[in-house]
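> Questions regarding the structure given below will be posed in turn.
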Amino acid sequence: LTEQCEVKNWDSTLPIPSDVLYQWVEDAEGIFCSGKVRVDERLLLHAEKVRVITQASVGYDNIDVDACTRRGIPFGNTPHVLVEATADLTFGILLSAARRIHEGWLQVRAGEWKNNFAIPFGNDLYGKVLGITGMGSIGAAVAKRAQTSGMQVIYHNRNRRKDDELLGTAYVSFNELLERSDFIVVLVPLSEQTKGLIGARELSRMKPTAYFINVARGGIVDSDALYRALKNRQIAYAALDVTNPEPLPASHPLLELDNILITPHIGSATHETRDKMARLAVDNLLAGLVHKPLQTCVNQSVNYVDEERQI
Ligand code: DGY
């Protein structure tokens, strides 16, 4: 970006103050956003010259896409390129939780590995039911990994996938998914409809032996209800790559539990994948600045049109 644009880059670990942000946005023609900044009507009021907004992530719950569309500003995210890395992490924390891999390592490192010591016992994946809510491309990639381990995969989406038989997965209602799954993976995007999707009611429908895995967004789960369900052994275990809030403070009650594994939102965090995400977000930004179509545009109705290809 610095080769082709004048760049103002907020690289502090502290959030950018609103007055600085608004001032920068007033001069800007494009915004390369981080998930921590809210792009809403208030910010866009200052964005008269902005003709493109991009972000290196697939999720965009921090962006008011309708507000961008009303102003004719295309917004580009980075889907596809992070599918395999995120599916690996999802299945990785599921497996690590099921087999207590991280607990075993902590015991070994603490010098507790002695004859007759209490080794951590986990659960088999083979023959178990994995329920995925939010079966998009990451869900399908998780399903493939689970099937290789001998799991049966069921899923719930707002709409049934046409290719679900091909994927070897079965469509079920949300309640059936909660009740039948041995492992439940949440992959829905965060929106007004999915905020708090997993609360006390949903947790109470799960099996007492259920493992709950969230790799989507922390806000999809009611953290207090999850804490109670784990503490009271209403469900067996949780593996979370996302939390609410993020970062999770060291004093958070979830960290007192012994039936939880939490990773710091690293779903797509591999060198290769983050590089692809950054490049795609940069390509989208540079394209938008010269009124060319963004490769991956969320609000297609206001994406730029390739004049040459139309002729
Ligand atoms: C995404 O791409 O949405 C990941 O969660 C990183 O924010």
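> Only one of 271, 252, 265 is free of Cβ contacts under 8 Å to residues at least 60 places away in the same chain, within 30 Å of residue 123 (Cβ to Cβ) and within 16 Å of the ligand (Cβ to nearest atom); which?
265
> Let me ask another. Tell me yes or no: at least one residue of region 37-54 is under 16 Å from residue 282 (Cα atoms), open to solvent by less than 90 Å² (accessible area, probe 1.4 Å), within 16 Å of the ligand (Cβ to nearest atom) and at pLDDT 95 or above. Lay out the reasoning, then the answer.
Narrowing region 37-54 to residues under 16 Å from residue 282 (Cα atoms): 50-54.
Narrowing the set further to residues that are open to solvent by less than 90 Å² (accessible area, probe 1.4 Å) leaves 50-54.
Keeping just the survivors that are within 16 Å of the ligand (Cβ to nearest atom) gives 53-54.
Remaining after also requiring at pLDDT 95 or above: 53-54.
Scanning region 37-54, I find at least one residue that is under 16 Å from residue 282 (Cα atoms), open to solvent by less than 90 Å² (accessible area, probe 1.4 Å), within 16 Å of the ligand (Cβ to nearest atom) and at pLDDT 95 or above, so the answer is yes.
> Output the residues belonging to region 281-291 that are open to solvent by less than 50 Å² (accessible area, probe 1.4 Å) and more than 11 Å from the ligand (Cβ to nearest atom).
282, 284, 285, 286, 287, 288, 289
> From the list 230, 226, 255, exactly one residue is crowded, with 23+ Cβ neighbours inside 10 Å, modelled with pLDDT of 95 or more, out of contact with any Gly (no Cβ under 6 Å at 6 or more places or on another chain) and in a helix (DSSP H, G or I). Which is it?
226
> Taking region 21-36 only, how many residues are surrounded by 17 or more Cβ atoms within 10 Å (Cβ to Cβ) and either under 28 Å from the mean Cα position of the chain (by Cα) or on the phi > 0 side of the Ramachandran plot (or both)?
Residues meeting the conditions: 6.
> Also, I was wondering about something else. On the basis of being of a type in the set (A, V, I, L, M), away from the ligand (no atom under 16 Å from the Cβ), part of a helix (DSSP H, G or I) and open to solvent by 60 Å² or more (accessible area, probe 1.4 Å), does residue 94 make the cut?
On the way: of a type in the set (A, V, I, L, M): yes; away from the ligand (no atom under 16 Å from the Cβ): yes; part of a helix (DSSP H, G or I): yes; open to solvent by 60 Å² or more (accessible area, probe 1.4 Å): no.
So residue 94 fails the test.
> Still on this structure, I have one more. Would region 22-36 turn up any residue that is under 28 Å from residue 265 (Cα atoms) and polar (S, T, N, Q)?
Checked against the condition, which is being under 28 Å from residue 265 (Cα atoms) and polar (S, T, N, Q), region 22-36 yields at least one hit.
The values are calculated or read from the model by the stated rules, or taken from the named source; none is laboratory data. Remember, it's a predicted structure, so these values are computed and weren't measured experimentally. Because the Cβ atoms are built from the backbone with ideal geometry, glycine has one as well, and the counts that use them run over all protein chains shown. Calculation scope for accessible area: heavy atoms of the full protein, side chains included, ligands and nucleic acids excluded. Shrake-Rupley method; radii C 1.70, N 1.55, O 1.52, S 1.80 Å.
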